[in-house]
Amino acid sequence: MDLALALAATGADDVSDPSDFPESFGILRTLDRTLRCPICKDLFNAPVLLGTCGHSFCSLCIREALKEGEKKECSACRVPTQESSIKKNIVLEESVEAYKTARSTVLALANDTASRKRRREDSTNGADLTPRPKRVKRESSGQDVDLGDERLEESEDSEVEIIENSKAPVDCPICDQKVPATRINAHLDEGCPHESVPEDKGKGKAQWAILLGGPGGKKGAKGGRRGSGRERDRSSSPPPRPLAKVSYHTLSNKQVRGLLQDQCLSESGDRKQWEQRHAQWITVYNANLDSSKPKSVDQLRRDLERWERLKARDEKEKEARVSRVDAKGYEKSQDEHFAKLIAQARASAKGNPNTIRQGASSEKPIEISSDLEMEPESGEAAQATVHIAL
Amino acid sequence: MTTISKKRLAKELRELQTHGPPTGIAVVSAEDFECWLFTIEVLGNTLYEGEKFCLRFRFPGNYPIESPEVTFVVDEKWGAPVHPHIYSNGHICASILGNEWSPVLSVVSVCLTLQSMLASCTKKQRPQDNDRYVLHAPLSPKKTRFHYDDDTV
Ligand SMILES: [Zn+2]
Ligand SMILES: [Zn+2]
Ligand SMILES: [Zn+2]
């Protein structure tokens, strides 16, 4: 079983992860991990703080969790909380944005240092003329850490192969466009905008310059300007207010449609879909307000449509999978299956199960199975009272 | 399956790849983002010494917001551990798979919890209502409304 192959097959092998950093740089892995949302394990996106306990998440992640969970509690520590305790975490967002800008450079430097160290260790008595970097023995961990400072002077000849690799385009799992690996997360987050794969000029010098704030380091300056622009934007118009949650069960069909119309959302599908669509809209709309680079409302509507499409596809695949699995099981042990069917039929108090079962006789194993699958929902859900230690 | 769940599972897969699964856990298959299989053993001096089981994870489209469906595989090759919270059809009554699920949990943390649930077992027996439950059980244990009414065991 090859996990790498499995990852490649899904087209999602480009996700960044603390383990991108070489093992000898445990300190950088730790830094990378602390800037990730505990729910999606991605670098924080529009981070928010729960005022009730102090834990931080991506705004969307914690809003989804609070919406789905039976109990309103912090996903990390289970302290009770509610949507109104969600507060923007501005400092964390700035830290993460700065880190995102620096990450590929830091990664390249770390990998470079690690590979030099390996080569040095491979080559016997001084055949390698690379100057030895200072090495510090860390008392606490006993780990060897190379200091990067001497590497800085060597930037002329440093090979930044890793950066080059990470710029290779990958196929987006959603829209199948070629997207630079370093941009895939942002691409997905932005809802698949058109991408032009840029020329690969990731030369060592430029990378160093970015890190040192030199001539190549335009990114830092741009970031600053963006910051001040943001302030201006904010003062010019009052900040939009979050949408209130709705308890749909008290509303008529007409009122629910009215809610959709108010937000310029599609009225297609049935009542259940309307409610799901509107509830999801409130979640993504409010989460977007917590971002310092909010998407346009139009973009959000497109995201919502995409979400619905994926959801529908997912449900269809799930159904197909259940049928497949059960068809297999059926072939394997017909007898057992029928024994189960009979048991199910006996257990079912509703309808006329025996006729239904006979109708779906042996030529149609798939239908029998999906029948089984549906039963506990339509009839009495199986109840079990047991002891639990967890 | 949403982008978020795919990305999250990809990260978990990478984690398994880089650090390897915890002791006693081994990946059997993880070829897609719908169903993963693991073998699980309880090491040390426990009632399950020398036994090996197979765990199946199925991931909903909004994982990790929604919990995965986790069952012990029961077929010609594998059986469910005899345990007061594990039914003979492989369904597991564990609160973290139900109302105590949290999206910060992961495949590895579920495996570790189940491992310690087995390790702390003092008497090998099926749940009291095993026969009745197995007869009525839905295909997915997520459709069962378990009652986790005793925290002291
Ligand atoms: Zn998140
Ligand atoms: Zn908390
Ligand atoms: Zn895309």
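Points to keep in mind about this one:
- Residue B:131 paired with residue B:43, simple spin-label distance in nm, labels 7 Å along Cα-to-beta-carbon: 4.0
- Highest average packing first - A:61-69, B:123-131, Cβ atoms within 10 Å: A:61-69, B:123-131
- Percent of Cα pairs in region B:3-66 per distance bin of 10 Å, from zero to the largest separation: 20, 45, 26, 9, 0.
- Cβ-Cβ FRET estimate between residue A:30 and residue A:266, R0 fixed at 51 Å, reported to 0.05: 0.65
- GNM result for chain B, Cα springs below 10 Å: residue of B:94, B:80, B:137 fluctuating most strongly: B:137
- Pair-distance profile P(r), taking every C-alpha pair of region B:65-130, with 5 angstrom steps and integer %: 4, 17, 26, 25, 18, 8, 2
- Interface burial for A against B (accessible surface, 1.4 Å probe, total of both chains, Å², rounded to 100): 5800
- Where GluC sites (Glu not before Pro) in DSSP loops with at most 12 other Cβ within 10 Å are excluded, longest remaining stretch of chain B: B:77-153
- Approximate spin-label separation residue A:175-residue A:320, in nm, with each point projected 7 Å along Cα-to-Cβ: 2.4
- Dipole size of chain B about its Cα centre, with +1 on Lys/Arg Cβ and -1 on Asp/Glu Cβ: approximately 240 debye, rounded to the nearest 20.
- Sorted from greatest to least, the principal axis extents spanned by the alpha carbons of region B:3-137 come out as 41, 34, 29 Å.
- Close amide H contacts of residue A:73 (hydrogens built in the peptide plane, cut-off under 5 Å, sequence separation of 5 or more or a different chain): A:81.
- Rg/Rh for region A:248-312, where both radii come from Cα atoms and Rh is the Kirkwood radius: 0.98
- Segment residue A:273-residue A:70, length gained on full extension (0.36 nm per residue, minus Cα span): 71.0 nm
- Between B:10, B:130, B:29, the Cα set farthest toward the positive side of the dipole of chain B (charges on each charged residue's Cβ, about the Cα centre) is that of B:10.
The values are calculated or read from the model by the stated rules, or taken from the named source; none is laboratory data. Everything numeric in this text was worked out from a predicted model, so none of it was measured. All Cβ positions, even for glycine, are placed from backbone atoms using ideal geometry, and neighbour counts span all protein chains on display. Side chains included, ligands, DNA and RNA excluded: accessible areas come from the protein's heavy atoms. Shrake-Rupley method; radii C 1.70, N 1.55, O 1.52, S 1.80 Å.
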